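The values are calculated or read from the model by the stated rules, or taken from the named source; none is laboratory data. Everything quoted here is computed from the prediction, not taken from an experiment. Glycine gets a Cβ as well: all are built from the backbone with ideal geometry, and neighbour counts include every protein chain shown. Each accessible area value is taken on the protein alone, full model and side chains, heavy atoms only, with ligands, DNA and RNA left out. Shrake-Rupley method; radii C 1.70, N 1.55, O 1.52, S 1.80 Å.
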Amino acid sequence: MINSLRGFRDILPPESTLFAAVEAAAREVFALYGYQELRIPTLEKKELYVKSTGDTTDIVEKEMYAFTDGGGREVANRPEGTPGMVRAYIEHNLGQTGRNAKFFFIGNMFRAERPQAGRYREFEQIDAEYIGNPTPAADAETISMLIKLLGKLGVEGCSVELNSLGCAECRKNYRATLLEYLRARRERLCEPCQGRIERNPLRALDCKIDGPWLSAEAPKLQLCPACAEHFSATQRLLGAAGVKYNVNPNLVRGLDYYSRTVFEVRSTMLGSQDAVAGGGRYDDLVKSMGGPAAPAIGWGLGVDRLVMLLKDKPAPDTAAKTFVIAASKEAGDKAFELMTALRAAGISSDFSSFELSLRSQMRSADKSGASFALIIGEDELKAGTAAVKPLKEPGEQVIVPLQEAPARIKALLEKK
Ligand code: HAM
């Protein structure tokens, strides 16, 4: 027996139906906001993530499924969607189509983190990226679209944490101040932070060990007038869109490309892995990856975590509506034709094995979740009919001509 890898899961029914429901709701919401689907590869050059996600991030330093392939190429399974989306935007000149570059992507990501509830090594993300709009309206639209999706799914009790990391200029001054502060307290920092503060001091604020005391004690980022105006306009528009949020100056996010607005949607129902979604602006990334100067904003939503919040909601019923039973081999051929006719009429249909006893087939029908059993016994075979037996509600068995069966079943299902 070979088991699955730790941190890699099978998503079984009915949970799988919740994943599909989330994806379907996301597609509807994306259409409402003018987003188009962009599908990107699972495997990319490793350097794509080193350059964009950032070589001082946990994702790139410790968590990538990176390897050298048979041809000696350094590759990595995508740990997040944004770098691939930006690469595709640049590679295919998607800024020049004349349409808004608003793209979504639904797919699995890979991070070699320590598995726990809500944290997996392969997980699904819904990713939204809006490239080319620098204005606060894009920030407010992107965040309110995320809230719209959560609302559509009936998710309650989430908070929106909002912060601004300022532009490169704001951070240049702040970086120097913070670095000086951290250097003076080097011995209080955890080992990884001691190693990374010289390369990226802001990362210490995001550290699980040092973040809490630093956020209380360390100097705070001061926004330049343009960034301050952008942040307050974003808040004003979010308010106008009816989105409630908390300004959280400790929110840093664990990826290197962010500037200005960053946000996270958190739920207290999720334990320690409480971020359902996170995102922010990345105004310099496209240019730094060799593309045009195209300010952008986006988010990634963890579908596995969202589904944890939906578990108490009834899962969609995926059972076939009809279950077909036959008393003999000959009746079995007719039953097979009947299933074809039912499906052609849009009625879902299932069976067990026409070679089993009637009793055994009936037991399977009872367990199947179907609304009606359609039985072709010896008498029905001779008469060209089927017996229709209600399975979910008490009711008389009726005999219907085989040819009329799909229409009659349809009428019965509509009456329910
Ligand atoms: P992220 O915060 O790294 O952002 O991930 C987004 C979401 O993916 C998280 O809020 C969480 O729900 C989910 N997630 C992350 N790691 C795991 C895991 N190991 N197991 C289960 N779920 C997980 C990004 O990935 C950015 N690319 C988002 C973005 C898009 N920013 C701008 N555009």
### Message
I want to verify the translational diffusion coefficient of the stretch 159-253 in µm²/s; compute it with Stokes-Einstein, Rh as the Kirkwood radius over Cα pairs, at 10 °C and 1.306 mPa s.
### Response
111 µm²/s
### Query
Rounded, prolate or oblate: which fits the stretch 322-415, taking a ≥ b ≥ c as square roots of the Cα gyration tensor eigenvalues, rounded meaning a/c under 1.5, else prolate when a/b beats b/c?
rounded
### Within-9-Å neighbourhood charge of PHE67 [Cβ basis; K, R +1; D, E -1]
-1
### Message
From the phi angles alone, apply the Karplus equation (6.51, -1.76, 1.60; θ = phi - 60°) to the stretch 345-356 and give each ³J(HN,Hα) in whole Hz, x where the residue is Gly or Pro.
### Response
8, x, 9, 5, 8, 8, 7, 9, 8, 5, 8, 8
### Query
What are the residues whose amide H is under 5 Å from the amide H of ALA386, where those residues sit 5 or more places off or on another chain and H is modelled from the backbone?
VAL400, LEU402
#### Entry: the chain - mean residue ellipticity at 222 nm from DSSP helices (-39,500 (n - 2.57) per run, n ≥ 4, rounded to 500)
-11000 deg cm²/dmol
### Query
Dividing the alpha-carbon radius of gyration of the stretch 1-147 by 2.2 N^0.38 Å (N being the number of residues), what value is obtained?
1.15
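Ignoring GluC sites (Glu not before Pro) that are buried or in helix or strand per DSSP, and keeping those with at most 13 other beta carbon atoms within 10 Å, what is the longest stretch of the chain between them? The partial results should precede the final answer.
On the way: sites that count: GLU156, GLU198, GLU355, GLU396.
That would be 199-354.
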### Query
Using alpha carbon coordinates only, what is the Rg to Rh ratio of the chain, with Rh defined as the Kirkwood radius?
1.12
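Sort ILE297, ILE11 by accessible area with a 1.4 Å probe, largest first.
Numbers: ILE297 0, ILE11 60 Å².
Ranking ILE297, ILE11 by accessible area, largest first, yields ILE11, ILE297.
Please give me the summed charge of the neighbours of LEU356: other residues whose Cβ is under 12 Å from its Cβ, Lys and Arg +1, Asp and Glu -1.
Numbers: positive: LYS329, ARG359, ARG363; negative: GLU355.
Combined, the nearby Lys, Arg, Asp and Glu give +2.
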### Query
Could you give me the ³J(HN,Hα) list for the stretch 63-72, computed from phi with Karplus coefficients 6.51, -1.76, 1.60 and θ = phi - 60°, whole Hz, x at Gly and Pro?
10, 7, 8, 10, 7, 9, 7, x, x, x
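R0 = 22 Å: FRET efficiency of LYS416 with ALA20, Cβ-based, nearest 0.05?
Details: r = 23 Å, r/R0 = 1.07.
E(calc), rounded to 0.05, equals 0.40.
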### Query
If r is the Cβ-Cβ distance from THR340 to ASP10 and R0 is 35 Å, what FRET efficiency results, to the nearest 0.05?
0.65
### Summary
Applied in sequence order to the stretch 207-222, the curve 6.51 cos²θ - 1.76 cosθ + 1.60 (Karplus, θ = phi - 60°) yields integer Hz couplings, x standing for Gly and Pro, of 5, 5, 7, 8, x, x, 6, 5, 5, 7, 10, 6, x, 9, 5, 9
### Summary
Any residue on another chain or 5+ positions along whose placed amide H is under 5 Å from the amide H of ALA326 is listed here as ILE376
### Message
Please report the net charge: other residues with Cβ closer than 12 Å to the Cβ of LYS334, K and R +1, D and E -1.
### Response
-3
### Message
What do you get for trypsin sites (Lys or Arg not before Pro) in the stretch 90-159 restricted to DSSP loop and a cutoff of at most 13 other Cβ within 10 Å of the site's Cβ?
### Response
ARG99
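If you roll a 1.4 Å probe over the heavy atoms of the protein chains, what accessible area per residue do you get for the chain, in Å²? Could you put the intermediate results ahead of the total?
On the way: 20430 Å² over 416 residues.
For the chain, the solvent-accessible area averages 49 Å² per residue.
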### Query
Which entries of LYS62/LYS152; LYS220/LYS244; LYS148/LYS172; LYS152/LYS321; LYS334/LYS415 show an alpha-carbon separation above 30 angstrom in the structure shown?
LYS62/LYS152; LYS148/LYS172
